[in-house]
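A.B. asks: What follows is a structure written as structure tokens; I'll ask about it next.
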Amino acid sequence: MAQNITPESLISILAAALAQKPTKPLVLALDGRCGSGKTTLADGLTRQFPASIVLHTDDFYLPPAQRVRGWEKTPCANMDLIRLRDEALRPAYESQPVLYRAYSCRAGAYQPVQELAAQPLVILEGSYSHHPLLAPYEDFRVFMTCSDAEQTRRLQAREGDRYPDFAARWVPLEEAYFAQHNIEDAADFVMDTTTD
């Protein structure tokens, strides 16, 4: 059963772990419900721990031409988790530079490669970051959540006119992934951001 945690407690845990001068980078994976604050927390942690890199699962969507028929009904079928693991997470875990090649759904193209230097803290954030394919490389796994009403409020503010389609398509896929892989219970920590 995952333990409840606050952002402040997470910072203390990471600081203590990094103070032990581990021989390999620490990998923190932030998964959870859309609108729960994964990206916001990752950004805050990079300010707290400047010697860190962030890997975003949103940068590893499959181009539409590579998706299987019916992908929109299957959790994770729109994600290139193998590329995420092999091009980004594994090298970061092994203290190697990451040749980071983000895919932009809006542009429909891969962005220019950025080289990310090895750092002692690696933050993997985004939906599907606790997928079993990625889990062997993760040291701390935080599941982020918020109430249904708060999720709706945040997503309406974020997505605007796109909210109805977003809620109808992405939220059910995400919830199916959580159920299929027991994501919340398998996490080390749960962070509820409803009142933040």
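A.B. asks: Could you check how many residues of the stretch 38-60 are open to solvent by 50 Å² or more (accessible area, probe 1.4 Å) and either modelled with pLDDT under 95 or among the charged types (D, E, K, R) (or both)?
C.D. replies: 3
A.B. asks: Give the stretch 134-182 a look and list any residue that's part of a helix (DSSP H, G or I) and among the β-branched types (V, I, T), or say none.
C.D. replies: First, pick out the residues of the stretch 134-182 that are part of a helix (DSSP H, G or I): 135-137, 148-181.
Matches in the stretch 134-182: T152, V171.
A.B. asks: Tell me, which residue of the stretch 112-147 that is more than 24 Å from Y177 (Cβ to Cβ) and without any contact (Cβ under 8 Å) to a residue 40 or more places away in the chain is least open to solvent (accessible area, probe 1.4 Å)? Even if it seems obvious, please write down each step before you answer.
C.D. replies: Step one: of the stretch 112-147, the residues more than 24 Å from Y177 (Cβ to Cβ) are 112-121.
Subset that is without any contact (Cβ under 8 Å) to a residue 40 or more places away in the chain: 112-115.
Details: P112: 104, V113: 88, Q114: 108, E115: 129 Å².
The residue in question is V113.
A.B. asks: What is the residue count in the stretch 61-96 for residues that are open to solvent by 70 Å² or more (accessible area, probe 1.4 Å), within 23 Å of P22 (Cα to Cα) and without any contact (Cβ under 8 Å) to a residue 40 or more places away in the chain?
C.D. replies: 1
A.B. asks: Could you figure out which of (1) touching a strand residue (DSSP E or B) at 6+ places or on another chain (Cβ under 7 Å); (2) among the small types (G, A, S); (3) more than 26 Å from S9 (Cβ to Cβ) isn't true of G108?
C.D. replies: Every listed condition holds for G108 apart from (1).
A.B. asks: Oh, and also: Output the qualifying pairs, or none if there are none: Cβ atoms under 6 angstrom, residues six or more apart or on different chains, first residue in the stretch 155-167 and over 10 Å from G35 (Cβ atoms), second residue surrounded by 11 or more Cβ atoms within 10 Å (Cβ to Cβ) and of a type in the set (A, V, I, L, M).
C.D. replies: Final answer for the pair search is Y163/L155.
A.B. asks: Does V54 fit the bill of being of a type in the set (A, V, I, L, M) and either in contact with a Ser or Thr (Cβ under 9 Å, 6 or more places away or on another chain) or in contact (Cβ under 8 Å) with a residue 24 or more places away in the chain (or both)? Explain how you work it out, then say what you get.
C.D. replies: On the way: of a type in the set (A, V, I, L, M): yes; either in contact with a Ser or Thr (Cβ under 9 Å, 6 or more places away or on another chain) or in contact (Cβ under 8 Å) with a residue 24 or more places away in the chain (or both): yes.
Against the criterion (of a type in the set (A, V, I, L, M) and either in contact with a Ser or Thr (Cβ under 9 Å, 6 or more places away or on another chain) or in contact (Cβ under 8 Å) with a residue 24 or more places away in the chain (or both)), V54 qualifies.
The values are calculated or read from the model by the stated rules, or taken from the named source; none is laboratory data. In this text, all values refer to a predicted model and were calculated from it rather than measured experimentally. All Cβ positions, glycine included, derive from the backbone under ideal geometry; neighbour counts span all protein chains shown. For the accessible areas, the whole protein counts, side chains as well, though only heavy atoms, and no ligand, DNA or RNA atoms are used. Shrake-Rupley method; radii C 1.70, N 1.55, O 1.52, S 1.80 Å.
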